[in-house]
Amino acid sequence: MIQENIKIKEFTDLFAWQEAHKLVCMVYTATNKFPKEEMFGLISQMRRAAASITANIAEGFGRQGCKEKIQFFYLAQGSLTELKDQIFIARDIQYCNSDVVENLLAQTTHTHRLLQGLITKTKSFLNPES
């Protein structure tokens, strides 16, 4: 989705943040069903990685310079990749059924595309002629 002609006033207006927030909620729901002994293990890691995605998008939005913004958006991408790895772990140790895994992975892919678009658009402000 292209956000042309839409005034972005808050980080919550960004489609990348909105979809990442959906992903955070999905991760919290999925990890509620994990064994309780994972509370300080995989549950905590997955929740922190997911929350880090939205936090870094928000922090990047709040930065003044484009280079700073991009740096935080890349950190969000790193957290997204970390989360994807943790989803594979949860799948392989059978903490999630295939439908949950499929939905989580689809949302990570969708969020990644939007985040990449945000990075590309922000980079265009660094080199307006390109």
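The values are calculated or read from the model by the stated rules, or taken from the named source; none is laboratory data. Keep in mind the model is a prediction, meaning the values are calculated, not measured. Don't worry about glycine lacking a Cβ; one is built from the backbone with ideal geometry, like all the others, and counts go over all protein chains shown.
Name the residue that is nearest to Thr54 (Cα to Cα), counting only residues in the range 82-91 that are without any contact (Cβ under 8 Å) to a residue 24 or more places away in the chain and either among the polar types (S, T, N, Q) or surrounded by fewer than 16 Cβ atoms within 10 Å (Cβ to Cβ) (or both).
Asp85
Each row is one residue, and each column tells you yes or no for (1) among the polar types (S, T, N, Q); (2) under 13 Å from the mean Cα position of the chain (by Cα).
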| residue | (1), (2) |
| --- | --- |
| Met26 | no, yes |
| Lys33 | no, no |
| Ala51 | no, yes |
| Gln71 | yes, no |
| Gly78 | no, yes |
| Leu83 | no, yes |
| Ala106 | no, yes |
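Does any residue of the range 20-32 turn out to be without any contact (Cβ under 8 Å) to a residue 60 or more places away in the chain and within 22 Å of Lys9 (Cβ to Cβ)?
Yes, that holds for at least one residue.
Just need a number here: residues in the range 86-96 that are part of a loop (DSSP other than H, G, I, E, B) and either under 17 Å from Tyr28 (Cβ atoms) or at pLDDT below 95 (or both). Break it down into steps so the answer makes sense when it comes.
First, pick out the residues of the range 86-96 that are part of a loop (DSSP other than H, G, I, E, B): 93-96.
Still in the running and either under 17 Å from Tyr28 (Cβ atoms) or at pLDDT below 95 (or both): 95-96.
Here the count works out to 2.
What is the number of the single condition among (1) under 18 Å from Val101 (Cα atoms); (2) touching a residue at least 24 places away in the same chain (Cβ under 8 Å); (3) not aromatic (Phe, Trp, Tyr) that Lys67 does not meet?
Just one mismatch for Lys67, condition (1).
Whether any residue in the range 92-109 is without any contact (Cβ under 8 Å) to a residue 40 or more places away in the chain and at positive phi is what I want to check.
Checked the range 92-109: at least one residue is without any contact (Cβ under 8 Å) to a residue 40 or more places away in the chain and at positive phi.
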